[in-house]
Every structure is written in structure tokens, then in C-alpha cells.
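Heads up: the structure comes next, in C-alpha cells.
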């Protein structure tokens, strides 16, 4: 079995994955078992999270069958440490995680660490063709691939994750391995570029709220995230002179993050002026940045958007039977609103929202699968080189 985890800033998910071999000898990853989430509130580090997971009776009974661990990390992995932006503790040493996990396992096993954008991609871009339907994708545009993409059997793709932060990554074909390979980035921390008068006012509003003597620049992550969505809501309310009801604001403030997205989506669907304008502005900026990434990477294979902000929005639109193309029109319009021939190039680039949950954790397990199936001792030798 594989122990896989999605280690976020405020919450972590851990699960065990089994794998089997089909009649053709192909290895397939099974569904997660003993899956559990942990809020980081009350934990001083990840040791307590691991301890509580292994304390479960069903995990204790099968832990001798764990032959590999792979953790998706929502932050940069540099040198011996990884840093969870916004976590209640400082940088975590990878050796600390290895030592901690080894205490709970029957013997030392390979322990791998992945940036969350890499882990997400392994759940999307390395899936067999017959399993793509399990991703629950929403295609926002019907496209005809550009000529250059038609000539390339494996065009580059880009991935964007919209959660507490903003993740961006390129996925390109690796001829040697015969599969897509990631190039992660910290592009979410690049400077937000306002495109019109309204966005200039938004930028000025965000700068006015920025603390510190030097006023750090406003990044895309400060706009295209759940926190950014709430900042846009406050900006729209202030500039439109149409205040939200005090009851709605009080209810919104006390809700958990996912419920906040649900309430804002419901209000927009019911044509609340402030909430609808908030989503329109948010989606327009997201579309513009997705279009920038498509051009920067020449990602003619498509832009794949995911993260609970968009997934919850799609969920509400589906429940209320709202047309996706109408609600997401600001995103698509901004995506293809580029100069000259590049508008047409982006118009032919697929834009998809991936709605399946648990992708980072499943991607971590998927990445570890080849190591496990080679054999435990062989993996140890490889990692020791």
C-alpha cells in the first residue's frame, strides 16, 4: 500500500491506496482507504497529524503493508525544507517528516515530497484515456485546435489551482519517459497587472489596504484566491454604493471557507448585484491571467483550472441549472482578449475546469506507484544514490 497525503496550509488529508494488476499486466491505483482530513488548528507541527492518523485502528492493522509514502506539499520545497505559506508553524524539515513517519511504520520506506501543482498534474495528465471521464471536467469552450497543436501529438498544457492561494504549472511531454512531466512555478506571486480602469481602481484599493511601510506589491494570488474573492467583494460593495445586507455579511463572516464560496455563488445566481459583479470581475481577471499563461507557455493542449473556489461555483451552477457558458463568459472573453493574431490563438485553446476532489492526494499516490511496483528494496537503492 501507499500512504499519500495532501499537506495544505490550514488542513491536511491522508489516505492509504492499494494497487492491482490487470490481465495485461498494467498496474492500476485503487480508491483511497481510511481517508481522513485534519485541521491544523491545535497542532504544533505535522507530527501530531501523523500520530492521529496512525492511531486509527484500521490503519494500525495494515501499516505493515505500507511500502511507500508520498506527500503533496502546498508550497515551495527548497533544500531540506518545505514551507507552507499561511500555516500555523514555521518551515518543516523533510528529515523531520521522515523520522516522524518511520517511527510509525514497520521499517524505513521511501518517502517522497511533491509540490502540490505537480501532484495535481499527475492526477490529470498521466491518467489513461479511458479514465479521463472520472475527472468530472467542464469544458468552457468548444475549440478547434490550432495548426501547431494538430502537428504536435502531445501539446503543452497548463494547470491553475485556485484555493487559499494561486498555483500555476506547465506540463509538457517527456519523450524519454513517454508521459507528461511537470515544471512547477511560483507564478501566483507575480505582480497583478490591471488591464482597465476598474482593475486599476481595484489595484489602488488593495494597495490602500496593504500594511507595512514599504507596501509590498499586489500579487495575482492576492486577487485570484478565496481571500482575493472576498477582497473583490468588499471593493465592489464600496465602489458600487450598493451595500450588502448586514445579515448576509454576518452570515458570510462566520462560515468556513467552502461555505463562503457557496453563499456568494447562490447570491450571484439569484442576481444579487454586488455578488454577481464580484464574480464577473474575479472571473475576468482569472481569464486574463489564464490567457497570459497560455501564451507564455504556448499551452495549446489546454488550460486546466481546478481548486475548491471553482469547483464549488460549478457545483452551485449545476444545482441551479445555470448555463456555464453564460456565467463564465467574463472568463472566456478575457482569455481570448489578446492583441492581433494571438486572440485567435487563445480562442482555439481549450479551457477546462476539473471538478473531481482529492486530486493532489491521488496524484501523490500515482507518482509513488512506479516506485512501489519496482520493488521495495530496489526503490531504496535508487533513492540512496
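The values are calculated or read from the model by the stated rules, or taken from the named source; none is laboratory data. Computed from a predicted structure; not experimentally measured. So basically every Cβ, Gly included, is an ideal-geometry build from the backbone, and we count neighbours across all protein chains shown.
Computed quantities for the displayed model
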read-out: Boolean, residue 75 is outside any helix (DSSP H, G or I) and either crowded, with 21+ Cβ neighbours inside 10 Å or modelled with pLDDT under 75 (or both); value: yes
read-out: Total residues in the stretch 3-28, condition surrounded by 13 or more Cβ atoms within 10 Å (Cβ to Cβ) and farther than 26 Å from residue 163 by Cα; value: 2
read-out: Unmet requirement for residue 188, which otherwise passes all of (1) free of Cβ contacts under 8 Å to residues at least 40 places away in the same chain; (2) out of contact with any helix residue (DSSP H, G or I) (no Cβ under 6 Å at 6 or more places or on another chain); value: (2)
read-out: In the stretch 191-217, residue farthest from residue 165 (Cα to Cα) [restricted to those that are touching a residue at least 60 places away in the same chain (Cβ under 8 Å) and part of a helix (DSSP H, G or I)]; value: 198
read-out: Condition broken by residue 220, with the remaining ones in (1) in contact with a strand residue (DSSP E or B) (Cβ under 9 Å, 6 or more places away or on another chain); (2) free of Cβ contacts under 8 Å to residues at least 60 places away in the same chain; (3) assigned by TED's automatic domain parsing to the domain that holds residue 303; (4) surrounded by 15 or more Cβ atoms within 10 Å (Cβ to Cβ) satisfied; value: (2)
read-out: Among the candidates 105, 140, residue that is buried (at least 20 other Cβ atoms within 10 Å of the Cβ) and either modelled with pLDDT of 80 or more or over 27 Å from residue 165 (Cα atoms) (or both); value: 140
read-out: Any hit, the stretch 30-43, residues being within 22 Å of the chain's Cα centre (by Cα), surrounded by 16 or more Cβ atoms within 10 Å (Cβ to Cβ), within 16 Å of residue 5 (Cβ to Cβ) and modelled with pLDDT under 85; value: no
read-out: Search result, residues across the stretch 48-63 that are part of a helix (DSSP H, G or I), within 16 Å of residue 33 (Cα to Cα) and free of Cβ contacts under 8 Å to residues at least 24 places away in the same chain; value: 52, 57, 60, 61
read-out: Answer residue from the stretch 101-125, given it is assigned to a strand (DSSP E or B) and without any contact (Cβ under 8 Å) to a residue 60 or more places away in the chain and is nearest to residue 299 (Cα to Cα) among those; value: 113
read-out: When residues of the stretch 195-217 are limited to those that are touching a helix residue (DSSP H, G or I) at 6+ places or on another chain (Cβ under 7 Å) and over 19 Å from residue 237 (Cβ atoms), the one modelled with the lowest pLDDT; value: 215
